[in-house]
Structures are given as structure tokens and as C-alpha cells.
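The values are calculated or read from the model by the stated rules, or taken from the named source; none is laboratory data. None of the values given here were measured: they were computed from a predicted structure. Cβ placement follows ideal geometry from the backbone for every residue including glycine, while neighbour counts extend to all protein chains displayed. Accessible surface is based on the protein model in full, side chains and every heavy atom, while ligands, DNA and RNA are left aside. Shrake-Rupley method; radii C 1.70, N 1.55, O 1.52, S 1.80 Å.
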Amino acid sequence: MSVCGRGAVLLLVVAVYGVAAPGTQGPDTPPLLPADNVTEPGELLPSDTGEGTAGAPSSEPLTAESPGTAAPGHTVPTHPQAPVHHGSTSSPPVIGETVLSRSITPLVTSVTSLCVCDLLVDACDVNCCCDPDCSAAEFSVFSGCSIPVVTGDSQLCKREAVLYSISSSKVPQRVTETVEVVNPDIFCIQAANYPPALSFITPDEPTAANFDSLLREFGGLEFNSISEAQSMVGSAEARKASKYEYGSPILTPSSYLKLPAPLGTGECTDSNPVGFLESQDFTCVRTIPLENCSIPVLTLATYKNIEVLTVPSSQNAINVTLQSITIHTVDGSVFPGNLGDYFPSYDTTTGVCNDVVLGGSYSVTYTDKGEITNIAGSFILGAINKNSVQQNFQIRFIENGTAPSPLSGNPGYVFGLPVVAGFKLSQSGIIQSTNRYGQLTLLKSSSDPNCLAEEGSRTPVLFGYNMMSGCRLQVNYTGTELCKLAGAAILNVLRGQQFPNYVAQFGNSQPENVLDWVPINVITTDHAAVQGMCKIPVSLELKVKWTKYGSLVNPQAQIVNVEERITYASFPNNLQGVRFVQISSAVTFVDVSQPASPGYKAQPTIDAKLPFDFFLPFL
């Protein structure tokens, strides 16, 4: 192997194993040379200057105890720049044109060799009594030891400790004393059957024999330390359960139910198992060649043709029930699709790949006995014209016999969630829209100069978020009915098509409990009618008053009053042609909570009955 090629390989290995854990290495294992020490043929490595690390390797983390520095029992790492002048290591020899690798430097694990306050290289740190760079003259100006005690692991019943102090003689000198301290905690580890469990496991050193296996384990986008055999054993153990429990993976006849999820970079991974009763939402991005978009991860059959075991120990599997398919076009049009099979196809004429899976939603129905009875799926298919596609997947769990109702808090509102609203008809409860984010909305700001072009585009009212929006409305009515028609059109734009008249007091208010809902009070602000003038609404403002309800420890947000204020402006009644009107809408949340006052329980009363002769013979 050439030196250049060896350097490239070593760079990759050092990137993976750059952080070594405490431990030792076998004498027969060829050590690894750090990448920065790779030399060209014939070039000698500089010898060490005598600075190295000392102490026998151990799995015990070291801690420092000092007021204002570190609490007892907290791990204190050694500073990477702090030299320890104990022992030395030799440079790796050079044989011909082959550089022998250097072993991984063992960590400092001896308490006497540890100096956690030694931060400056080749310089004395003030009040650092264990700094070997400090001379006697420098010790004489120390006011004290910043770290007087350095101890071992607090989990052990007995630990080694080093005490540092300064003598009170004419010439102050450092005093070092090594003692054994008993752990003052109630519990400690008397004996450990598996000592590596007290620390990180020492990683395997890369060699020519194990390099390929380590590359498969750590060279991908994610680490996978569990082998396929171990994974099959875990799957066999999971399949012995008689019911699903919270967090346990949902099983299929051959594997687990998995959904695409993002990695650290946002790229999709298809190895994310779904946990029982764990509702999840994922958004990730795939980079694909547009001409070859007919791949399984973008095909509907991959997410539709899935079988799920009803219980882990049973072989009874149920298929995904296809509920709906929504088609998105490149220009933004949306329409329902047929419940059939779709396959991605690339159109060479338009350069668009059609019928690509953009997202999906699963609804899992289960019983209180941990059995899955049904799983339904709804999917979104679309067309893409670029080499990247964003996918959105979610899964929800519904108990059998209950109706799903998304909440905005339980019980009080949560900041940032939509305000719950609806309509109340006579002799009925509250009627709500199925669109949770479309129950109470405001006019959405738009760059289009005509609000009518954006009619129907609304933004939800989120609890606790004050918002303001507006636009310029173009009115193009002629004739004597201009005022009446323009007023109705503007009011329809401000309020929307289905403006509610009731708002829920709590985030979990049920529609059948009418007393948990408050009406929206409409307040009209206008001027007195003037002859020859017409009134046109120009603004809508919502004022939501809420209070903190419940205990002082965990108060809940409750809406107590909602006001809708519509402001009108007067315009001449004989206007004709095209006119522009500036309109706006806003929502304001006002906290009307009263100052909290603690409550006290009443004094207990004594209700005791004594016998009539209890005080005899004194009375």
C-alpha cells in the first residue's frame, strides 16, 4: 500500500474514532497513526519532547471538588492543552518507506497525575497548586488553591483523593497529600461485575483485518452497532408479546412498520420504526434523479401495500385501508384522485415527473387490550420538476369506540395552537368545522393589489399571538346600488365565508357542553348617517380576553370574552367606476387575570362529647 493511500484511509478512521474512551489496547493489535503524523517517504518524524501522559489506564472518571468550580461527583475532563510531565513516549520508527503507526495515547486516569486547573501551556496558572509549571517564587504569591481536592468516582464506596494546600512557612510551598476518602452517599457501588459499564467502552482499533467491518458500521449516514443477527433476536423477543404496549414497535409479518424520517441533515431515512401510541409527524427531503423518478420510495404501492399484525404474537395481519388520494399539480391545483394504483412517470416533453408520493397520513385504531383493529391511510400525490422532493408523513392513534377530536390544550389553551370556534343553532349544540385551522380565521395579507383575487385565503387565529393583516380592495361596481353591494363584498372579505359566533373557553371544550363556550359579541363603530353618504366597512378587530384559571402551581388559560369590532367609513353615495379601499383586520389577546391570592383552609373545630360525670368530683 502506498503512503498516500494509507494517509487517505487513516483520515477517515480518525474522523470516526477521534474521541477515545478510557481503556487499554492489546499488545498484539497494530495501533493507529494519527493522520497529522503521516509523512512522505524518507521523512523522519520529530521526536517527542518528553511531554506525555502517565498513570495506569482505568475506567473510573475523575472529579474535582472545589467551591465555585466543580461539584463532588461531577466528571472533570483533562484539558487538551495541559501538559503532564510524567514519563514520555517515543516516536514511531521509520522502516524504509513504511511508517509504523503509533498507539492511541492512553488517558490520564491517575488522581495524582490529574490537574484540571492547568489551562495554560508552559505557563503557571494562578492559584493552581497542582500546576507543574509553577515555581517556588510563583507559589509565594498564591492566595490559596483554586482546587484543593481532586477525587475519583463518587459512585464507588472508597475513592482516592489528592489534597493540595500551601504551607504557612516563610517561603510558601505546595503541600500534596494522597488520602483515601469514604463515599458519604447512602448508596455506592461496592463491586462491579462488568467494570467497563462504569465508563465508555473502549473502541476497537482499526486494523487491516477489521477495517471493512468498522467502515460498514460507522461509515454511513447513521451508526448501526446492532448486527443483523442481534436484530433478528430482538424481533423474535418482540413477537412473543400478547399485546402492544406503549412505545413497542408495530410489527409486520417480516419486519416493522416504518415511516420516512429526517436525519440530522434533513435527508430521508427509511429505517424509522413506528412506536405504538406514539403520534409522529415527519418532514424530510429526498434528492433523486428526475429522469429516474420511478423508484420505490416515491411509489404509492410502497406505502399502501402494508400488512400490520394485530398483536405481536399473532400471525393475523390486516391491510392498510385506502381512504383518500389527493392530487397536486405543478401549478398548485388540488383535486381528489381515484382510489387506484399510481406509478411515478417522467414526461420528457414537459420535464415533469407525475404521481410522486409527497406525503401520507395513517390512522391506527386500537382497543384497550393493546390490539390493532384497523389502519387507514390517506396519501398526497403530486408532480415535481426538480431533483429534490419533500415528503410529509404522520401517524395518529384512535381508541376503538371514540371519536378523534384534536385539542388546543388540556384543559387550558396552549400558546400557538388555534382558537376553537363554531356555530350555535337553536335547540342544538356547537357545530364545528372539520378543519381545525379554519374555525376562526383572519384576512391574509397579500401582495396582490386586489383582495378579491385572494378571497378565501385566510390565516388561523392562534391563541396568544397578536396579528394584523390588510390589503387594498378594488371595488368595480356601477349604478345606484354601489354602496350596498360594495359594503356586502367588503364585509364578506373581512369576515370570510363562515365566520363563527361562538368560541370555546378551554382548549378541550366539547361541542355538546354549550356552557363551555362564549359568544362573540359584535360591536359596531360608525358615525351618524349623513345624507348622500354610504357606510362601508373598512376594518375588523377581534379582542380576546383570557384569564388564568386553576391553581397557582399550574394555571390554565381560559377565554372569558370575545369582541368583534367592525369599523365603518363614509363615502359619497354617487361614486361610480373603479374604486380602491384599504381594509385591515387584527386580533388582540388581553390577559385579564386578577392578582393571585392564596387561600387558607378553615380552622378545624372540635366536636367532642364527654360523659356527664367527666369532671366529677371537681364540679
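Those strands (runs of 3 or more DSSP E) of the stretch 126-196 that lie entirely within it include none in which at least 3 residues are on the phi > 0 side of the Ramachandran plot and surrounded by 13 or more Cβ atoms within 10 Å (Cβ to Cβ). Inside the stretch 320-354, can you point out the residues that are touching a residue at least 24 places away in the same chain (Cβ under 8 Å) and within 32 Å of the chain's Cα centre (by Cα)? Val320, Thr321, Leu322, Gln323, Ser324, Ile325, Thr326, Ile327, His328, Thr329, Val330 - these are the residues of the stretch 320-354 that are touching a residue at least 24 places away in the same chain (Cβ under 8 Å) and within 32 Å of the chain's Cα centre (by Cα).
Looking only at residues that are among the β-branched types (Val, Ile, Thr) and open to solvent by less than 40 Å² (accessible area, probe 1.4 Å) in the stretch 254-291, which one is modelled with the highest pLDDT?
Val274
Residue-by-condition table, conditions (1) under 27 Å from Val311 (Cβ atoms); (2) of a type in the set (Lys, Arg); (3) assigned to a loop (DSSP other than H, G, I, E, B):
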position	(1), (2), (3)
Ile380	no, no, no
Gln391	no, no, no
Gln394	yes, no, no
Gly401	yes, no, yes
Asn410	no, no, yes
Gly422	no, no, no
Ser428	no, no, yes
Tyr437	no, no, no
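Of the residues making up the stretch 366-378, those that are among the small types (Gly, Ala, Ser) and part of a loop (DSSP other than H, G, I, E, B) number 1.
Scan Ser585, Ser539 and give me the residue that is touching a residue at least 24 places away in the same chain (Cβ under 8 Å), over 36 Å from the mean Cα position of the chain (by Cα) and surrounded by 10 or more Cβ atoms within 10 Å (Cβ to Cβ). Ser539 is the lone residue from the list that is touching a residue at least 24 places away in the same chain (Cβ under 8 Å), over 36 Å from the mean Cα position of the chain (by Cα) and surrounded by 10 or more Cβ atoms within 10 Å (Cβ to Cβ).
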